[in-house]
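Participant: Provided herewith is a single structure, encoded as structure tokens, for subsequent inquiry.
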Amino acid sequence: MDEPLPTESVPGQKPAADCDVTVIGGGLAGKAASLQLARAGLRVVCIGLEKAARQPVGESLDWSAPDLLSALGLPMDNLISAQMATWKRHVTLKSRSGASEHYVPSAWLAGPPFHIELRTLHVDRVRLDNELLKMTIDSGVTFVRDKVVGVEQKEKHIASVRTAGGPRFSSPWFIDASGFGTCLLAREFNLPAIKSGPAKVAIWNYFPVPASVEGTTLYMDPMPAEYLDWIWEIPISPNLVSVGYVTTGAAIKAEREAGLSVEQIYREPLMKFPHFEPLLRAGALNPKNVTSFQSRVHVGVAGPNWLIAGEAAAMVDPITSNGVTAALRHAAEASALILKYRKRGKLPLRARLTYSTRILQMAKFFNGGIENIVYEPPVRNRIGMGSAGTVYTSPAWSMNVVYARMKPRGMFSTFILGLLLGAFRLSAWIFYRICKQFKPAAELAC
Ligand SMILES: Cc1cc2nc3c(=O)[nH]c(=O)nc-3n(C[C@H](O)[C@H](O)[C@H](O)COP(=O)(O)OP(=O)(O)OC[C@H]3O[C@@H](n4cnc5c(N)ncnc54)[C@H](O)[C@@H]3O)c2cc1C
């Protein structure tokens with residue numbers, strides 16, 4: 001998995017006049033925003049850590065991500081031919097009983113009048129991120145390996161950021177793409193966060209396979225009285241799969257206190273599925289990648305001369321496969337706003353409001369929906385896991401398509417989008433409450 005990083009230009013101190021935008025964080029959102037701004041002719045400094053806190057993750061893309069990658073210069077066919085990606089034509093949900101459910105977009109959607117692309121991708125994130133880094137540097141972005149440790153601001157107007165290495169970076173505009181663990185500006189400005197569900201932990205590893213399927217597989221053994229834990233299997237390249245286990249932080253804590261090693265915690269759920277027997281027989285699983293996260297979204301993620309993008313703004317639960325789309329969308333919209341208002345030197349209030357509102361509404365829609373319908377027991381106990389998957393997937397997929405087609409930017413389109421998302425959220429919540437009134441109908445569960 002480890003691939004050498006391309007050479008970067010690492011300057012000393014950047015004089016204020018030399019830089020139009022400072023981007024904090026060199027992950028997916030930071031690189032995508034930097035690239036788009038530099039291509040539009042702006043001078044961009046992107047500050048990223050020497051060693052990222054976690055292995056890049058976000059390998060199973062939803063159906064809106066390919067267009068966003070293509071807009072950056074990474075079309076699907078190129079990613080496939082470079083073996084940086086594999087086709088994702090469906091999502092399969094497999095339960096311990098052997099039952100399985102396939103989620104495939106209907107073929108008629110590909111025809112007129114919709115013309116919707118029915119394929120999407122799984123990506124090798126290390127290779128994709130390196131490719132994006134090369135493109136970013138080639139476009140003229142100055143990449144600085146350092147850690148931003150402080151913000152100088154007056155009345156929410158940012159003047160500069162300070163790094164651990166000493167330099168101070170000033171510019172008229174700032175984008176914070178510092179990810180879930182840092183959330184630099186949300187902390188700086190004490191932005192409220194709306195959380196969904198409990199804190200969770202993901203443990204994952206990569207395994208060679210003789211051949212991979214063209215789809216993401218989710219393995220679940222839902223218990224009628226328990227919050228859901230699940231396993232992902234994602235073919236990131238033709239002969240390599242990513243296998244991850246997601247459960248609550250509380251469950252991991254209890255298991256660690258009971259003396260279980262991370263490998264044992266990872267191995268145990270895999271043992272429930274015969275499919276993983278060859279991996280388990282092969283011996284030590286050595287899961288190297290562990291991360292904790294909490295689905296949440298910050299309120300007010302734009303200020304007079306700054307915007308927050310990616311996981312620093314909203315952490316969308318991984319089971320939704322929507323994090324990469326969200327990060328790329330935020331990056332595209334934040335860059336477009338800077339380009340539109342750069343001469344004015346300040347974002348008008350309506351632009352800040354509409355940007356923040358879209359991020360808030362989309363994150364609440366995905367996180368609220370998946371918690372109520374899939375993670376929590378009432379709905380899946382009532383209608384079965386397979387049907388619960390359909391009830392979640394259909395509006396989630398549709399709303400992504402609506403967003404991509406509608407391209408909401410102004411007050412009116414953001415309002416209409418909000419109405420649609422709000423209606424779905426309300427329906428999910430009512431359905432959840434109704435199902436909660438009934439006793440678990442375990443026999444209905446798949
Ligand atoms: C376990 C897990 C599984 C996931 N699976 C999927 C999936 O299948 N599909 C999907 O679409 N999405 C998935 N996601 C979400 C996806 O990974 C993210 O949404 C996306 O990669 C976020 O990119 P980002 O640039 O916002 O954040 P990051 O990729 O976290 O980038 C933040 C960057 O900022 C840098 N940084 C942090 N602090 C500082 C600082 N002080 N100074 C300078 N730089 C700093 C970090 O080093 C990092 O490089 C998953 C997420 C998790 C946690």
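The values are calculated or read from the model by the stated rules, or taken from the named source; none is laboratory data. Computed from a prediction, not measured in an experiment: that's the story for all the values here. Cβ coordinates were reconstructed from backbone atoms using ideal geometry, including for glycine residues, and neighbour counts include every protein chain displayed. With ligands, DNA and RNA removed, areas are computed over all heavy atoms of the protein, side chains included. Shrake-Rupley method; radii C 1.70, N 1.55, O 1.52, S 1.80 Å.
Participant: Would you check which residues across the stretch 362-371 are open to solvent by 10 Å² or more (accessible area, probe 1.4 Å) and under 15 Å from the mean Cα position of the chain (by Cα) and list them?
Facilitator: Met362, Lys364, Phe365
Participant: Where the second residue is among the acidic types (Asp, Glu) and the first is part of a loop (DSSP other than H, G, I, E, B) and lies in the stretch 268-279, which pairs have Cβ atoms under 7 Å and are six or more apart or on separate chains?
Facilitator: Lys272/Asp221
Participant: Could you check the stretch 294-312 and list, in sequence order, the residues that are within 8 Å of the ligand (Cβ to nearest atom) and either polar (S, T, N, Q) or open to solvent by less than 10 Å² (accessible area, probe 1.4 Å) (or both)?
Facilitator: Of everything in the stretch 294-312, those that are within 8 Å of the ligand (Cβ to nearest atom) and either polar (S, T, N, Q) or open to solvent by less than 10 Å² (accessible area, probe 1.4 Å) (or both) turn out to be Ala309, Gly310, Ala312.
Participant: Let me ask something else. Would you check if Arg358 is open to solvent by 10 Å² or more (accessible area, probe 1.4 Å) and either at pLDDT below 95 or not β-branched (Val, Ile, Thr) (or both)? Outline the logic, then answer.
Facilitator: Numbers: open to solvent by 10 Å² or more (accessible area, probe 1.4 Å): no; either at pLDDT below 95 or not β-branched (Val, Ile, Thr) (or both): yes.
When the stated conditions are applied, Arg358 does not pass them.
Here is a yes/no grid of residues against (1) in a loop (DSSP other than H, G, I, E, B); (2) open to solvent by 60 Å² or more (accessible area, probe 1.4 Å):
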residue: Ile203; (1), (2): no, no
residue: Val213; (1), (2): yes, yes
residue: Met223; (1), (2): yes, yes
residue: Gly244; (1), (2): no, no
residue: Glu263; (1), (2): no, no
residue: Leu285; (1), (2): yes, no
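Participant: To continue, here is another question. Looking at Gly300, Gly310, can you tell me which residue is more than 20 Å from Ala53 (Cβ to Cβ) and not hydrophobic (A, V, I, L, M, F, W, C)?
Facilitator: Gly300
Participant: Give Tyr227, Tyr219 a once-over and let me know the one that is at pLDDT 95 or above, under 27 Å from Ser387 (Cβ atoms) and open to solvent by 20 Å² or more (accessible area, probe 1.4 Å). If you could, list the steps in order and put the result at the bottom.
Facilitator: Values: Tyr219 fails: open to solvent by 20 Å² or more (accessible area, probe 1.4 Å).
None of the others qualify; the one that does is Tyr227.
Participant: Restricting the search to the stretch 32-56, which residues are open to solvent by 10 Å² or more (accessible area, probe 1.4 Å) and either among the hydroxyl-bearing types (Ser, Thr, Tyr) or in contact with a Cys (Cβ under 7 Å, 6 or more places away or on another chain) (or both)?
Facilitator: Matches in the stretch 32-56: Arg43 only.
Participant: Moving on. Applying the selection to the stretch 57-67, what residues are more than 6 Å from the ligand (Cβ to nearest atom), open to solvent by 20 Å² or more (accessible area, probe 1.4 Å) and either closer than 15 Å to Arg125 by Cβ or assigned to a loop (DSSP other than H, G, I, E, B) (or both)?
Facilitator: Result: Trp63, single match.
Participant: For Asp77, all conditions in the list (1) more than 16 Å from the ligand (Cβ to nearest atom); (2) of a type in the set (Asp, Glu); (3) under 28 Å from Val402 (Cα atoms); (4) in contact with a helix residue (DSSP H, G or I) (Cβ under 8 Å, 6 or more places away or on another chain) hold save one; what is the number of the exception?
Facilitator: Asp77 satisfies every listed condition except (4).
Participant: Name every residue in the stretch 107-139 that is outside any helix (DSSP H, G or I) and open to solvent by 50 Å² or more (accessible area, probe 1.4 Å), in order of residue number.
Facilitator: Pro112, Pro113, Phe114, His115, Glu117, Arg119
Participant: Could you pull out the residue among Thr291, Thr320, Thr325 that is out of contact with any helix residue (DSSP H, G or I) (no Cβ under 8 Å at 6 or more places or on another chain), over 15 Å from Thr414 (Cβ atoms) and within 12 Å of the ligand (Cβ to nearest atom)?
Facilitator: Unique residue meeting the criteria: Thr291.
Participant: Considering only residues of the stretch 428-446 that are part of a helix (DSSP H, G or I) and more than 14 Å from Ala388 (Cβ to Cβ), which is modelled with the lowest pLDDT?
Facilitator: Ranking the candidates gives Glu443 first.
Participant: For the stretch 182-191, check the following and say yes or no: at least one residue is over 19 Å from Ser60 (Cβ atoms), within 15 Å of the ligand (Cβ to nearest atom), surrounded by fewer than 17 Cβ atoms within 10 Å (Cβ to Cβ) and in contact (Cβ under 8 Å) with a residue 40 or more places away in the chain.
Facilitator: There is no residue in the stretch 182-191 that is over 19 Å from Ser60 (Cβ atoms), within 15 Å of the ligand (Cβ to nearest atom), surrounded by fewer than 17 Cβ atoms within 10 Å (Cβ to Cβ) and in contact (Cβ under 8 Å) with a residue 40 or more places away in the chain.
Here's the yes/no breakdown for (1) at positive phi; (2) at pLDDT 95 or above; (3) open to solvent by 50 Å² or more (accessible area, probe 1.4 Å):
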{"site": "Pro167", "(1), (2), (3)": "no, no, no"}
{"site": "Pro172", "(1), (2), (3)": "no, yes, yes"}
{"site": "Gly179", "(1), (2), (3)": "yes, yes, no"}
{"site": "Ile194", "(1), (2), (3)": "no, yes, yes"}
